[in-house]
1. Under 7 Å by Cβ, and 6 or more places apart or on different chains, what pairs join a residue from the stretch 23-35 that is at negative phi with one that is assigned to a helix (DSSP H, G or I)?
2. When you scan the stretch 40-48, do you find a residue that is surrounded by 10 or more Cβ atoms within 10 Å (Cβ to Cβ), modelled with pLDDT of 90 or more and of a type outside the set (Asp, Glu), even just one?
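The values are calculated or read from the model by the stated rules, or taken from the named source; none is laboratory data. Quick caveat, the model's predicted, so the values are computed rather than measured. Don't worry about glycine lacking a Cβ; one is built from the backbone with ideal geometry, like all the others, and counts go over all protein chains shown.
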Amino acid sequence: MKRVVQYTAMIIVAIFSYWLYLKQFGAVPFLLISFFFFYKSYEEYSGRSKKRNRTPQIDHSAPSAGKKAEIIT
């Protein structure tokens with residue numbers, strides 16, 4: 001359902017852009033699409049940072065609980 005809404009929105013934006021080009025306002029769609037791409041990139045970036053914060057960090061300075069490897073000579 002989300003894809004249908006996205007495709008419908010893209011068709012409406014394309015028709016609106018064509019109308020603006022006919023009225024000599026061709027730069028307006030580019031300005032609007034730049035805001036859209038900025039929003040999508042910010043959404044992607046913030047999603048990655050949230051995902052990065054959820055992963056547990058391993059503390060390498062803590063002593064290990066298991067047996068250490070023996071040196072065989």
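1. Taking only residues 6 or more apart or on different chains, the pairs are GLY26/LEU20; VAL28/LEU20; PRO29/SER17; PRO29/LEU20.
2. Checking the stretch 40-48: at least one residue is surrounded by 10 or more Cβ atoms within 10 Å (Cβ to Cβ), modelled with pLDDT of 90 or more and of a type outside the set (Asp, Glu).
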